[in-house]
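**Student:** Just dropping this structure here.
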Amino acid sequence: MNRPRRIERTVRRAGKAGTLLKVRKMLKKFIVRVNEKGILTRDGDFRAILEPGRYRFLPFGGKPSVSAFAQDSVMIAESIVDYLLQRDPAEAERHFVAMTLGGNEAGLRFENEVPVEVLPPGSRRFIWKGMKTHRLERFDLESGAELPGALAAQINPATPKGRAITGLDGVLFVQVPAWHVGVLSIDGRIAALLEPGLKAFWRFNRDIRVELVDTRLQVMEVSGQEIMSKDRVGLRINLVASWRYTDVQRAFAEVGKPFDYLYRELQFGLRAAVGTRSIDAILENKQDIDEMVAAHARAKMSGFGIEVGSLGVRDIMLPGDMKEILARVVEAEKSAEANVIRRREETAATRSLLNTAKVMEDNPVALRLKELETLERVAERIDRISVFGGLDQVLNGLVSLKAG
């Protein structure tokens with residue numbers, strides 16, 4: 001490292017001022033700052049690691065070049081470290097912290113006990129030694145996919161931190177809400193059900209997925225179903241059903257998408273119930289359709305960990321021309337019913353009059369009472385009555401009774 005100075009002293013002793021000037025012009029000057037380390041190369045070949053300081057090199061033996069690297073940073077030129085590990089391991093250990101992972105290991109790199117980077121399997125990191133402490137925590141991927149809860153909370157990207165952690169795309173974070181469970185699938189197979197809370201899993205060397213499932217009672221709407229009745233009338237029907245999971249793991253083990261499966265079975269049940277009935281039967285009793293669809297859905301879902309609760313047809317919409325036809329039919333039916341009722345009442349009134357006439361024909365007293373009743377109604381319409389000859393004259397003069 002002190003070769004340029006020795007050259008200067010030799011030239012100065014020789015008193016060759018011109019030669020000294022030429023040598024000074026040929027010197028290459030470099031500075032490595034206090035928070036850096038330097039790599040000296042000549043014509044691209046590694047020569048030495050430089051500590052902080054000022055350096056001057058002659059171009060003899062190749063053109064000199066110095067690359068500066070911040071201390072406590074990741075060494076990008078791994079080939080130089082490999083060279084040192086082979087030729088001078090002690091020098092490599094003096095300048096670098098080596099971190100190497102196997103093919104079935106994941107790692108978390110710490111600086112001053114703060115996580116800064118997630119390392120995938122097979123990773124290599126060489127860190128320049130400086131003022132910080134460096135540590136690598138290893139995880140065996142074959143022993144399990146889940147990270148410890150405290151570590152998951154520490155590296156959770158949703159938690160505010162002073163420095164972002166790199167490589168977090170290698171970790172799957174899942175927040176399972178209350179009243180939910182998480183269905184954990186690894187390589188296409190259900191591995192476990194996750195309770196509410198924060199969970200984290202390694203993505204490396206596996207296909208890992210989590211589906212959140214609401215365990216509360218839910219409502220499903222089967223809307224806009226275009227179905228033709230038995231008598232070929234096109235209907236648009238909306239159905240509403242309540243349902244819940246009774247065995248989440250069984251539901252997802254038996255069916256890829258339980259929600260979609262239940263929706264299709266409700267469709268099939270509704271089409272079977274409507275397609276076998278006429279429009280009149282459908283409109284007269286919608287409850288039959290509800291019961292038939294509910295029985296179909298419950299029978300289909302009983303073995304899949306899903307319970308179907310209340311179910312009902314919410315709307316039945318008819319085509320425009322069918323609405324007019326049905327309106328006319330209803331109007332005619334109501335008119336006929338009104339005529340029947342009117343005729344029935346007239347017949348009853350006539351029968352009552354006939355019975356009254358028969359009673360009065362055989363009973364003069366009853367006839368006399370009817371006459372007096374009629375007289376009373378007539379008198380109610382007269383403002384003033386003049387009587388001559390007493391009350392007998394009024395009774396005998398106004399009403400005459402013939403002997404039977």
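The values are calculated or read from the model by the stated rules, or taken from the named source; none is laboratory data. Source: prediction; values computed, not measured. Glycine gets a Cβ as well: all are built from the backbone with ideal geometry, and neighbour counts include every protein chain shown.
**Student:** Considering each of Arg206, Arg189, Arg277 in turn, give the residue that is farther than 19 Å from Val308 by Cα and touching a residue at least 60 places away in the same chain (Cβ under 8 Å).
**Tutor:** Just a single option satisfies the conditions, and that option is Arg206.
**Student:** Of all residues being surrounded by fewer than 14 Cβ atoms within 10 Å (Cβ to Cβ) and in contact with a Gly (Cβ under 8 Å, 6 or more places away or on another chain) in segment 213-229, which is farthest from Ala106 (Cα to Cα)? Just the residue, please.
**Tutor:** By that ranking, first place goes to Met228.
**Student:** Moving on. Determine which single condition Val248 fails, assuming it passes every other condition in (1) buried (at least 20 other Cβ atoms within 10 Å of the Cβ); (2) under 16 Å from Ala299 (Cα atoms); (3) touching a residue at least 40 places away in the same chain (Cβ under 8 Å).
**Tutor:** In the conditions (1) buried (at least 20 other Cβ atoms within 10 Å of the Cβ); (2) under 16 Å from Ala299 (Cα atoms); (3) touching a residue at least 40 places away in the same chain (Cβ under 8 Å), Val248 misses (2) alone.
**Student:** Those residues that are in a strand (DSSP E or B) and touching a Leu at 6+ places or on another chain (Cβ under 8 Å), I need them from segment 237-250; list them, please.
**Tutor:** Correct list: Ile237, Leu239, Val240, Ala241, Ser242, Trp243, Arg244.
**Student:** I'm told Asp207 meets every condition in (1) within 30 Å of Gly107 (Cα to Cα); (2) surrounded by 14 or more Cβ atoms within 10 Å (Cβ to Cβ) except one. Can you identify the failing condition by its number?
**Tutor:** Unmet for Asp207, out of (1) within 30 Å of Gly107 (Cα to Cα); (2) surrounded by 14 or more Cβ atoms within 10 Å (Cβ to Cβ): (2).
**Student:** Could you please find all residues in segment 97-132 being surrounded by 13 or more Cβ atoms within 10 Å (Cβ to Cβ), farther than 30 Å from Ser185 by Cβ and among the polar types (S, T, N, Q)?
**Tutor:** Thr100
**Student:** Residue under question is Glu221, and the condition is that it be acidic (Asp, Glu), in a strand (DSSP E or B) and under 30 Å from Asp280 (Cβ atoms); does it hold?
**Tutor:** yes
**Student:** Now a separate question. Consider segment 58-75. How many of its residues are in a strand (DSSP E or B) and in contact with a Leu (Cβ under 7 Å, 6 or more places away or on another chain)?
**Tutor:** Here the count works out to 2.
**Student:** Separate question: Can you tell me which residues in segment 284-321 are farther than 30 Å from Val248 by Cβ and in contact (Cβ under 8 Å) with a residue 40 or more places away in the chain?
**Tutor:** Asp315, Ile316, Met317, Leu318, Pro319
**Student:** Just the residues that are in a loop (DSSP other than H, G, I, E, B) and over 51 Å from the mean Cα position of the chain (by Cα), please, taken from segment 76-105.
**Tutor:** Selection gives Asp88 alone.
**Student:** Looking at Leu311, Leu326, which is the one that is of a type in the set (A, V, I, L, M) and modelled with pLDDT of 90 or more?
**Tutor:** Leu311
**Student:** Is there a residue being surrounded by 14 or more Cβ atoms within 10 Å (Cβ to Cβ), out of contact with any helix residue (DSSP H, G or I) (no Cβ under 9 Å at 6 or more places or on another chain) and of a type in the set (Ser, Thr, Tyr) anywhere in segment 62-71?
**Tutor:** Yes, segment 62-71 contains a residue that is surrounded by 14 or more Cβ atoms within 10 Å (Cβ to Cβ), out of contact with any helix residue (DSSP H, G or I) (no Cβ under 9 Å at 6 or more places or on another chain) and of a type in the set (Ser, Thr, Tyr).
**Student:** If you check Val116 against the conditions, is it in a strand (DSSP E or B), in contact with a Phe, Trp or Tyr (Cβ under 9 Å, 6 or more places away or on another chain) and in contact (Cβ under 8 Å) with a residue 60 or more places away in the chain?
**Tutor:** The answer is no for Val116.
**Student:** Continuing with the same structure: Filter segment 151-163 down to the residues that are more than 26 Å from the chain's Cα centre (by Cα) and more than 26 Å from Asp207 (Cβ to Cβ), then identify the one that is surrounded by the fewest Cβ atoms within 10 Å (Cβ to Cβ).
**Tutor:** Filtering segment 151-163 for residues that are more than 26 Å from the chain's Cα centre (by Cα) and more than 26 Å from Asp207 (Cβ to Cβ), the one surrounded by the fewest Cβ atoms within 10 Å (Cβ to Cβ) comes out as Gly162.
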